[in-house]
Structure formats: structure tokens, C-alpha cells
Amino acid sequence: KARPIGNGDEPLGDAMAVGAVRLRGWAGDLRGIREVRVRMDGRTVGATALNWDRPDVSAAYPELRHGTDCHGWGLTIDLPEAGPHQLIIEAVNIDGCVGQLGTRLITVPGT
């Protein structure tokens with residue numbers, strides 16, 4: 001089966017942050033997206049449904065123009081102690097198939 005597609009648009013790459021980090025992007029799948037979830041250091045720390053239309057993505061992927069199959073998402077993740085933390089962003093379609101949308105290394109500076 002084909003996996004969901006998408007991207008993490010914000011932050012654009014690895015970043016430094018304190019307290020929390022805002023993540024945004026898009027996901028799409030012909031069967032529909034159930035959720036976008038974020039894992040930090042191997043543990044799921046947040047999940048969200050698709051939140052808004054993305055006409056730019058629908059224009060690039062016309063096969064994904066109906067229903068809930070191609071939309072934007074966003075969520076904020078609280079950050080733990082100082083140090084580097086790997087975030088993995090995944091989309092899950094309604095059949096439970098997972099597609100990786102990106103990874104980011106978020107570093108919390110020491111005090």
C-alpha cells in the first residue's frame with residue numbers, strides 16, 4: 001500500500017528552542033488522513049487532525065483534492081530538559097498506514 005505523503009514546513013530544519021516548539025506542515029493520502037503525530041526521542045508527544053485547507057498542495061497534487069485527504073496541520077510540543085531532542089513527524093491514514101513527513105533535531109540550550 002502507498003504511504004501518506006506530506007511535509008513538515010515549520011521549523012524548516014533543525015532548530016534551537018526553549019519551552020516549546022511550534023510545528024506546521026501538510027499531509028495527504030487518497031484514503032484520508034486520520035492524524036499527524038510527533039514522536040520525540042522515540043516517544044509519542046503529540047497528535048493532531050488536519051486543521052485547514054492547503055490550496056497550494058492541492059494544486060501540486062490534484063489527485064488529493066477531495067475530502068480530508070490533503071490539508072494542513074499544526075501543533076505545539078512542550079520541550080523537556082536541555083540538550084538535543086529528535087522529533088519524527090508522521091502521518092497516519094485511515095487504514096493505519098504510516099508515512100514519515102520529516103525529522104528535526106531540536107536543541108534546548110543549557111542554563
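Since every read-out is calculated from the coordinates, none of them should be taken as a lab result. Quick caveat, the model's predicted, so the values are computed rather than measured.
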> Here are some values of Kirkwood radius over Cα pairs in Å: (i) 14.1; (ii) 15.2; (iii) 14.8. Which one was computed from this structure?
Replying inline: (i)
> Taking θ as phi - 60°, what are the ³J(HN,Hα) couplings along region 83-99 by the Karplus curve (6.51, -1.76, 1.60), each to the nearest whole Hz, with x for Gly and Pro?
Replying inline: x, x, 9, 8, 9, 10, 9, 10, 10, 10, 7, 5, 8, x, 6, 10, x
>> Could you work out how much longer the chain between T103 and A15 gets when fully extended? Use 0.36 nm per residue separation minus the Cα distance between them, nm to one decimal.
In response: 30.5 nm
